[in-house]
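Report on the structure given below.
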Amino acid sequence: MHKIIRQEKPVYFSVRNKDLFGVLYIPNVSPLPKKTVLIQVCRDLRNRVGLKLARELSSLGFYVFRFDFFGRGDSSGIPRICHIEQPFTHELIDVVNFVNVLLQPKRTIVLGNCFDAITSLSIVPFCKIHGLILMTFPIVNSNELIKQKAKQISFGLIIDNFRKYRIKKELFDVNLLRKSLNLGFGILKKKLINAESDLNIMSDIPNQFSIIIKDRLPTLLLFGSKDFYYPILRQYLEQINYTKYKNINLCVMEGGELYGLNNIQSQDFVFSMIVDWMTSTYIGTDN
Amino acid sequence: MSNILSEFDKYASRIDHGQKLQERAFFFQNKGENLFGIFYLPLEGIFEKHKTGIVMCQPFAMESMVMQRVEVDIARNLAKNRFPVFRFHYRGCGESEGVSRDVTFSSQISDTLCAIKYFMDQIDGIDSILLLGLRMGGSVAIKVSELEPLVKYLILCEPVVKLKNYFYELLRSKKIFLLSKGEKSVSIEQLHSELINNGKLDVLGYLVHKEIFTETESIDLCESIKGFSGNSLLVELSFSNVKISFQSLREQLMKTGGTCDYIAMKEHIHWFFSQSPEFTSKRLIHTIVSWCKENILYPAK
């Protein structure tokens, strides 16, 4: 069997006075005429999916750079808590700038999963990139998240809890009682008036998507139909009439969940969708 | 092209003046495959009175993701205390070459032996080895200590004593995960049959291959340790029902002429799913560094 000669280089680099760690994959074939780099935000996708992707893409002529944020993997520093309304925007911009200086690419594409996808999306207004791959990411703010989770709780469960002995404690615990009543009335309201709530998308998302549309930024969105945020994302994309825009591609694994990549099927789906999209979008095209 | 590649070499290391250590990342070879490794070296050099290098043996499959950060923190703290450390990834794991079916118990032992040799070739002054293994890495460390006489010390963090039980635990975790997702219930026996008949099984997104299962199902470390007579530290890391087997392991390590210190910690760890921020433990790090100082730098006469 022909042995693939790999060209993989570990890279320590300094961002905000801390050393981050990444691995650079240099194409082991002729690079694309327009030097193109994919930046994978966060090295550790389950079962080495990120690594396999990097090796496959580098065999097609792409440069790939996978790295860890502060306090994660082999990077130094203290890890920041991941809060969906506080993505690591500035840190990622610094990383993109480093890669641009290191490689001087003609095209830079950013890939993020879950929270890292929010971070990737957040740099769009501030940083010139040429593509975005976003996997199964939260799209609503924290308050809306609670409401969406409440929808999943049956009204019967609330009633059932009131029957249990703990009600005696709850009657005297004002906060617990208030929370239970809010939950109960919220569900009752939804069921009685069948009201569709406003989506309460995170406040930056409309601006970010308007830039994606205006700049025709090639964007791949990957979700499973069973992912928690998928219905909300779908609703939002339909609101903005996304099918009108050829640069936005939504790929959905029907009947499956991409969150956590907890099975081989979801990993294979992600791998093949990304490779196909990268090939069709950046090889032999003017993008 | 080689000129272009070599210009990236300058990024492959870093110096941390605050922590007084240097890190150097690279690839080395075993059986024709590139393995990824990092040296963590004290800036002030290793002590003259001890010349022990520390080689770290990784956990298996998803546990390596869970434990990655604590491994890095352990390595950095040891290097800060002037112990040279080598962390590496087995074939088919982490950043190394190879695929999942390459990962067998024998391949992990072979890779560790190769790592020891490489470490001693590259770093002057090392004449003995401490193997630090987490989970199945601990099992590998025990086996390697019997094959490599230069291994004088062992640190075993929640090692897998009975490997057959470990793989059944993995099957059980898949069953529970499927149940939690509302999927059709499946028995452990069905999963076992699927593994044997199909040659592999998807366990929480990792392919477990029949080879490693059949290779290890008869291994009980309590019965098979015969050759290691050095000093060891056994750490019970989590809330698990392993006290009895760890006691037996400890007795066996002492029977062969060595010493074995035992520490129980009750850390909350989800072995099969990484958390955010990643798991780390100051207590574990402190315990390991202190033990190394007491047993290597200032051994009791």
- Task: Could you identify the single residue in A:114, A:127 that is at pLDDT below 95 and on the phi > 0 side of the Ramachandran plot?
- Result: A:114
- Exactly one condition in (1) part of a helix (DSSP H, G or I); (2) within 14 Å of chain B (Cβ to nearest Cβ); (3) surrounded by fewer than 23 Cβ atoms within 10 Å (Cβ to Cβ) is not met by residue A:118; state its number. (3)
- Message: Just checking, does region B:257-272 include any residue being more than 18 Å from the chain's Cα centre (by Cα) and assigned to a helix (DSSP H, G or I)?
- Response: no
- Counting only residues that are closer than 18 Å to residue B:35 by Cα and touching a residue at least 40 places away in the same chain (Cβ under 8 Å), give me the strands (runs of 3 or more DSSP E) lying completely in region A:1-81 with at least 1 of them. A:8-15, A:18-25, A:63-67
- The residue that is nearest to the other protein chains (Cβ to nearest Cβ), considering only those in region B:261-292 that are crowded, with 20+ Cβ neighbours inside 10 Å and modelled with pLDDT of 90 or more, is B:284
- Task: Kindly list, by first and then second residue, each pair from a residue in region B:257-270 that is under 12 Å from residue B:158 (Cβ atoms) to a residue that is among the polar types (S, T, N, Q) and at pLDDT 90 or above, limited to pairs with Cβ atoms under 7 Å and residues at least 6 apart or on different chains.
- Result: B:263/B:287
- Note on the structure: Subset of region B:131-176, residues under 24 Å from residue B:72 (Cβ atoms), touching a Phe, Trp or Tyr at 6+ places or on another chain (Cβ under 6 Å) and of a type outside the set (S, T, N, Q), comes to B:136, B:160
- Message: Take residue A:272 and tell me if it is closer than 30 Å to residue A:29 by Cα, at pLDDT 95 or above and in contact with a Gly (Cβ under 6 Å, 6 or more places away or on another chain).
- Response: no
- Query: Mind checking which pairs have a first residue in region A:258-287 that is without any contact (Cβ under 8 Å) to a residue 60 or more places away in the chain and a second that is among the hydroxyl-bearing types (Ser, Thr, Tyr) and in a helix (DSSP H, G or I), Cβ under 9 Å, 6 or more apart or different chains?
  - Reply: A:266/A:259
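This table checks each residue for (1) in contact with a His (Cβ under 7 Å, 6 or more places away or on another chain); (2) modelled with pLDDT of 95 or more.
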site: B:2; (1), (2): no, no
site: B:6; (1), (2): no, no
site: B:14; (1), (2): no, yes
site: B:18; (1), (2): no, no
site: B:36; (1), (2): yes, yes
site: B:41; (1), (2): no, yes
site: B:51; (1), (2): no, no
site: B:55; (1), (2): no, yes
- Task: Please verify whether region B:47-56 includes one or more residues that are in contact with an Asp or Glu (Cβ under 7 Å, 6 or more places away or on another chain), in contact (Cβ under 8 Å) with a residue 60 or more places away in the chain, closer than 30 Å to residue B:170 by Cβ and at the interface with another protein chain (Cβ under 8 Å from one of its Cβ atoms).
- Result: no
- Message: As an exercise: evaluate residue B:253 against (1) surrounded by 13 or more Cβ atoms within 10 Å (Cβ to Cβ); (2) within 14 Å of chain A (Cβ to nearest Cβ) and give the number of the one condition it does not meet.
- Response: (2)
- Task: For region A:65-109, enumerate the residues that are closer than 15 Å to residue A:17 by Cα, of a type in the set (Val, Ile, Thr) and under 20 Å from the mean Cα position of the chain (by Cα).
- Result: A:93, A:95
- Specify the residue that is nearest to residue B:14 (Cα to Cα); the eligible residues are those in region A:15-32 that are of a type in the set (Val, Ile, Thr) and over 24 Å from the mean Cα position of the chain (by Cα). A:26
- Task: Output the number of residues of region A:82-95 satisfying the condition of being in a loop (DSSP other than H, G, I, E, B) and exposed (fewer than 14 other Cβ atoms within 10 Å of the Cβ).
- Result: 1
- Query: Considering A:46, A:55, which residue is farther than 23 Å from residue A:122 by Cβ, modelled with pLDDT of 90 or more and not aliphatic (A, V, I, L, M)?
  - Reply: A:55
- Note on the structure: Taking region A:208-256 and keeping residues loosely packed, with under 15 Cβ neighbours inside 10 Å, more than 17 Å from the chain's Cα centre (by Cα) and outside any loop (DSSP other than H, G, I, E, B) leaves A:210, A:211, A:214, A:235, A:238, A:239, A:243, A:244
- Can you name the residue in region A:198-207 that is outside any helix (DSSP H, G or I) and surrounded by 12 or more Cβ atoms within 10 Å (Cβ to Cβ) and, of all such residues, is modelled with the highest pLDDT? A:204
- Task: Take region A:276-287 and flag every residue that is crowded, with 17+ Cβ neighbours inside 10 Å and among the β-branched types (Val, Ile, Thr).
- Result: A:281
- Could you grab me the full set of residues in region A:257-273 that are surrounded by fewer than 23 Cβ atoms within 10 Å (Cβ to Cβ), small (Gly, Ala, Ser) and within 11 Å of chain B (Cβ to nearest Cβ)? A:260
- Looking only at region B:84-102, count how many residues are away from chain A (no Cβ under 11 Å) and modelled with pLDDT of 95 or more. 6
- Message: Can you tell me how many residues within region B:57-69 are closer than 23 Å to residue B:143 by Cα and more than 9 Å from chain A (Cβ to nearest Cβ)?
- Response: 7
- Query: Which numbered condition trips up residue A:60, out of (1) closer than 21 Å to residue B:9 by Cα; (2) more than 13 Å from chain B (Cβ to nearest Cβ); (3) hydrophobic (A, V, I, L, M, F, W, C)?
  - Reply: (1)
- Task: Please tell me if residue B:205 is touching a helix residue (DSSP H, G or I) at 6+ places or on another chain (Cβ under 9 Å), within 14 Å of chain A (Cβ to nearest Cβ), on the phi > 0 side of the Ramachandran plot and touching a residue at least 60 places away in the same chain (Cβ under 8 Å).
- Result: yes
- Got a sec? Which of B:228, B:167, B:213 is part of a loop (DSSP other than H, G, I, E, B) and either modelled with pLDDT of 90 or more or crowded, with 20+ Cβ neighbours inside 10 Å (or both)? B:228
- Has region A:33-55 got at least one residue that is polar (S, T, N, Q), more than 18 Å from residue B:278 (Cβ to Cβ) and over 17 Å from the mean Cα position of the chain (by Cα)? yes
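The values are calculated or read from the model by the stated rules, or taken from the named source; none is laboratory data. Computed from a predicted model, the values in this text were never measured in an experiment. Backbone-built Cβ (ideal geometry, glycine too); neighbour counts: all protein chains shown.
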